1. For the stretch 132-156, how many residues meet the condition of being under 15 Å from ILE96 (Cβ atoms) and among the charged types (D, E, K, R)?
2. Of all the residues that make up the stretch 293-319, how many are under 16 Å from the mean Cα position of the chain (by Cα) and either buried (at least 24 other Cβ atoms within 10 Å of the Cβ) or not charged (D, E, K, R) (or both)?
3. Name the single residue, out of those in the stretch 336-359 being surrounded by fewer than 16 Cβ atoms within 10 Å (Cβ to Cβ) and not small (Gly, Ala, Ser), that is farthest from HIS392 (Cα to Cα).
4. Would you point out which residue out of ARG236, ARG246, ARG258 is touching a Pro at 6+ places or on another chain (Cβ under 8 Å) and charged (D, E, K, R)?
5. Do you know which residues across the stretch 133-155 are farther than 22 Å from ALA64 by Cβ and in contact with a strand residue (DSSP E or B) (Cβ under 7 Å, 6 or more places away or on another chain)?
6. Is there any pair with a first residue in the stretch 347-366 that is closer than 15 Å to ASN464 by Cα and a second that is part of a loop (DSSP other than H, G, I, E, B) whose Cβ atoms are under 6 Å apart and which are 6 or more apart or on different chains, and what are they?
7. Please indicate, with yes or no, whether at least one residue in the stretch 360-368 is acidic (Asp, Glu) and not in a helix (DSSP H, G or I).
8. Given (1) more than 26 Å from GLU54 (Cβ to Cβ); (2) touching a strand residue (DSSP E or B) at 6+ places or on another chain (Cβ under 9 Å); (3) crowded, with 20+ Cβ neighbours inside 10 Å; (4) not basic (Lys, Arg), identify the lone condition not met by HIS184.
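The values are calculated or read from the model by the stated rules, or taken from the named source; none is laboratory data. As the structure is a computational prediction, the values presented were derived from the model and not from experiment. Cβ placement follows ideal geometry from the backbone for every residue including glycine, while neighbour counts extend to all protein chains displayed.
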Amino acid sequence: MKTYRLIAASVVAFVVAGCAQIAVVSEKRPAPLAPGSGADRVATQTIDRALVEEKKQPVVALGAFVAAARDSLRQLDRNPANAEARRDYNFAVARIFSVVRNAKLDPWTHPMRVGANGEFTLTWKRDPRPEWNLALYDLIPADELDFKGTYVKDHVKKDGIGAPLVAKRTLTAQQASALFCAPHIYYSVTATAQFEGSRCVISINDPLATETVHVDGHSYPLAANFTAAYALQLAREKPQKLGLARLLRPQEYAATARVIRFEPYNPNKTVVLFIHGLMDTPVTWVPMLNDLRGDVDFRRNYQIWFYSYPSGYPYPYSAAILRQELDAIEKKYPLRKPMVVVAHSMGGSITHTLLTDAGTTLWLEAFGHPPAQTPIDAKSKHLLEEVLIFEHRRDIGRVVFMSTPHRGSDLASNWIGRIGSMIVKTPSKLITIGQTVRENLTADPAALKLKRLPNSVDTLAPNNRFVVAINKIPMTKTIPYHSIIGDRGRGDTPNSSDGVVAYWSSHLDGAKSERIVPSGHGSPLNPEAIAEVHRILQLNSKSN
């Protein structure tokens, strides 16, 4: 056992080292603007004065930034294409949030008089949705964030009017569960300011919901920074560290098995449900999402959900939890269009069950008798029925399998997989069910086929009974599916492998398309794989 723990410790060190630089963020003070020309010089001079007063007299500085925003809007009213005026306006609006944040002011709960003589009133355009209350968020100007890292190396922005912000909020566990959200929300929004006499009214705009905004009687493209929120969340929360912990000790993280919305619910947009694989988290999708959100058609047509789960669970059990989660979230956030599922590795194995009409086939393979004739206590029988008896999901319209071991992986069967299986701690609930099966079914040799419930590594082995049995059942023909498979750039398909899953396991004869990409097992990070997902989503939006 000491040897196994030593190997496990080595794996931890390797994973942590590999993930250390996926995103690094530091906060910075934005550089002063270059002097404007002509009438635009007034706004830049006002901004320069405000920057000097920002720390000593924040309320005075706030008034100056508001004045600069107003003066810039006047220039834009004369010429909406004035790039300097728009630059000054965006900078001034962003600095309003800098001062409010740094000085710990709160103009969002009560309107606030600002300026040397209180010449402006700073307030905001209230949103009827309670979750959009500005007082609940830490609003961080994106131009104050300097970020880098392998997952956020491409800074996806959109030019336009407004100050891009990261809206950060922490929810209680109860709130997060009720709203199907992550406990720490980091969301990209864009602030604009308009004027009603001496009142400066701030509006918060969602760049995933609108491409343009009306300011002072003119329509402009809405500015956006789609990468800053990802970078800040990865750097601060480090969610990728949960991947290994949830593999080795899944019971401790049972509450994290959830479907999570990644943006405000929009009933008119198609859900794309992303499902990660073994020893992973939704973090694996960040480079792909960063790329997709840079496309206006994706923003217009799709919204993002995740299924996150402890990957130490046997994947049929994770699939049962997913079905329950989908039923629950769709009661609160009903779908008008069938969702698209994009799944990687073991996430694809989970998804395979969503396209399968198993009936009692798997139950009979395990026990030899239908449920009514199988003598197991009611609680255990109910859970096993959830795991083994299911129909395909009619709320799914298309699936993308990425590096999926439909027929298992030899890696799960060799000595590495055996060690991995030994260090995964089986949840007590599943241990209890295994004991129940042994105690109640010893008289029936056929029933002993399921005398021990396997963990996630076991259920990825090619000779695992569930893997063998489910591959005998055809997937539904009513849902199109696509395959993306890595060959490590060797060009040796069909004798190829991504280093973890061989082509013979990932290939599906019924796939609408199959794309071989020069990647290892981490295909969601591969540019060609990302482009293929993009293509499939464009195809899906045209067909709906």
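1. Result for the stretch 132-156: 3.
2. Number of matching residues: 11.
3. Only one residue tops the list, namely ARG336.
4. ARG246
5. Listed by number, the residues that qualify are LEU136, TYR137, ASP138, LEU145, ASP146, PHE147, LYS148, GLY149.
6. As it stands, the answer is TRP363/ILE389, since those pairs meet every condition given.
7. no
8. Only one criterion is unmet by HIS184, namely (3).
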